Amino acid sequence: MAPSKDENTVQDSHHNDGAEGKDAWKKKAPYLIHDKNSDFNAIYEGGCHCGKVKFQLSREKPLAAKYCHCTTQIYLPLSPNLGAPFQWATIFHKEDINFVRGHHDLGWYDSGEKSTRHKLPCKVSCAYCRSPIMDEGRNMILLFPTLLHFKSEEEKKRFAPTCHMFYNQRVVDIKDGLPKWTGMDGKSDLIEDSPPDVVRKRKREIEEEKEKEKNGDKDEDENEDNKARKK
Ligand SMILES: [Zn+2]
Ligand SMILES: [Zn+2]
């Protein structure tokens with residue numbers, strides 16, 4: 001499935017695009033403070049290395065789960081193990097997270113402007129132990145599931161990555177048979193041991209895109225016919 005527009009926005013944020021931010025951060029998701037009687041349904045709990053920042057998640061399965069090999073994490077390591085060669089990231093709506101501790105221990109970093117004020121998109125970490133927590137986009141967050149305390153293998157499986165992004169920038173090879181994109185998934189090329197059926201599907205998409213470009217919009221109907229014939 002191609003990533004949604006919002007999904008792309010948060011992933012772009014992780015890949016350094018600038019954008020406008022707001023001030024009243026504590027009254028808005030993802031930092032909105034829920035009181036004990038709120039109907040936030042906590043399914044998972046997680047936190048930073050030192051324990052100052054604690055959060056809960058209310059969504060059973062992330063909107064997407066991927067490995068990212070982009071070089072951002074070589075400079076801004078996104079795992080508590082410094083210099084992680086690639087990163088396991090999951091996408092959630094901002095409303096899916098509830099910080100139960102550590103609002104004042106959060107640190108922000110806008111890698112576009114190289115500033116530490118809260119301006120979207122930005123990187124969010126614990127200001128004390130420096131554990132990266134998430135990348136915050138405009139509507140979505142890219143959360144690092146290594147911070148979650150899974151209660152079973154079953155739970156962990158729901159967060160299993162479905163592909164690799166920016167695999168061209170990798171520093172290690174991962175032969176796991178998952179689709180491997182040179183850039184953003186659904187928008188780049190598939191390489192290495194990507195599954196043949198996914199590669200064929202992508203090839204077809206690229207051909208269709210090219211065809212569309214060639215014919216322009218006026219031949220839309222004919223394109224639909226071609227598509228039908230190919231099937
Ligand atoms: Zn911490
Ligand atoms: Zn990345």
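Per 0.36 nm of contour for each residue apart, how much would the distance between His103 and Glu207 grow if the chain were fully extended, relative to their Cα-Cα spacing?
Result: 32.6 nm gained on full extension.
As a quick test, which of the pairs Lys27/Lys119; Lys26/Lys151; Lys54/Lys123; Lys52/Lys156; Lys52/Lys123; Lys54/Lys151 have an alpha carbon distance above 19 angstrom in this structure?
Pairs exceeding 19 Å: Lys26/Lys151; Lys52/Lys156.
So if each residue of separation counts as 0.36 nm, and I subtract the Cα-Cα distance between Arg200 and Lys28, what length gain in nm does that give?
On the way: separation 172, 0.36 × 172 = 61.92 nm, distance 4.29 nm.
That works out to 57.6 nm of additional length.
Bear in mind that the values in this text are calculations on the coordinates, not laboratory data. Note that the coordinates shown come from a computational prediction; the quantities given were computed from them, not determined experimentally.
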